[in-house]
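Below is one structure, written out as structure tokens, with a few remarks after it.
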Amino acid sequence: MQLCTIPASGFAANCYLLWDDVSRQALLVDPTASVSAVAATLRERGVTLTGILLTHGHFDHILTLDALRDAFGVPAYIHRADAEMLGDPVRNVSALLVGEQIRRRPADGLWDGGETLTLGEETLTVLSTPGHTPGSVCFRGKDFLVSGDTLFDRSIGRTDLPGGSWSVLSASLAGLCLLPGDTRVYPGHGPDTTIEEQIKANPYL
Ligand SMILES: [Zn+2]
Ligand SMILES: [Zn+2]
């Protein structure tokens, strides 16, 4: 499976495109890049978008969710526990953090955690990793992890926002530390890293 970042602006979270070289099918994680930037990347890579995956429901991860669904006609998925955040500016913390009322339409499908997503001949597992939000998830591929706001390079997601819990996040992080050390980690903010590097250098693990 291949992965690239599609640039987005300002406070927006990292927007990743994942695709399978054989089927040329692609999934987008955390819709924050513009329709034109996503269209250009799809063209450049010669792939077709089949769905949008959300790591959690905070506003900085859903900015272009509806615009991309409208442009590409694809479904979007989120963990059940974060589903209501999409339409609620208090729960998605847009009202609190940027003074805007960001509302998006409901997701087209909900996860409970543990689902296997197929992308051509490859698979991604939805890992339930609550703590930053109740419905935070990570996506695990063969040799990589897309970690949302659960794990960053040398940091972790904040737990002081509604629904956050330090003890719950700690347990989720303990689970991620059991992944193979060379697993490449693609966080919701900042640069990519590996599990091994974080076990050595992350003061929160
Ligand atoms: Zn974020
Ligand atoms: Zn967040």
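Each value in this text was obtained by applying a stated rule to the coordinates, not by laboratory testing. Values in this document were obtained by computation on a predicted structure and should not be read as measured data. A quick note on method: Cβ atoms are made from the backbone with ideal geometry, for glycine too, and the neighbour counts reach across all protein chains shown.
Mean residue ellipticity, 222 nm, helices only, the chain: the sum of -39500 (n - 2.57) across DSSP H runs of n ≥ 4, divided by residue count and rounded to 500, is -5500 deg cm²/dmol.
Each of LEU54, ASN14, LEU161 was scored by the projection of its Cα onto the charge dipole of the chain, and the greatest displacement toward the positive side belongs to LEU161; charges sit on the C-beta of Lys, Arg, Asp and Glu. Net charge dipole, the range 2-201: roughly 200 debye, given to the nearest 20, about the Cα centre with Cβ charges of +1 for Lys and Arg and -1 for Asp and Glu. Expressed to the nearest 5 percent, the antiparallel share of DSSP beta bridges inside the chain is 60 percent.
Rounded, prolate or oblate, given the Cα gyration tensor of the range 122-205, with a/c below 1.5 counting as rounded? Since a/c reaches 1.5 but b/c is at least a/b, the shape of the range 122-205 is classed as oblate. The alpha-carbon atoms of the chain define a convex hull whose volume equals 105 cubic angstrom per residue. Label-to-label distance for ASP160 and ALA201 is 2.5 nm, based on points extended 7 Å past Cα in the beta-carbon direction.
The distance between label points at ALA171 and ARG105 comes to 3.6 nm (points 7 Å beyond Cα on the Cα→Cβ vector). Extent along the principal axes, Cα only, for the range 1-93: 40, 27, 22 Å, with the longest axis given first. Structural descriptor for the range 155-205: relative contact order 32 percent, calculated from alpha carbon pairs under 8 angstrom and at least 6 residues apart.
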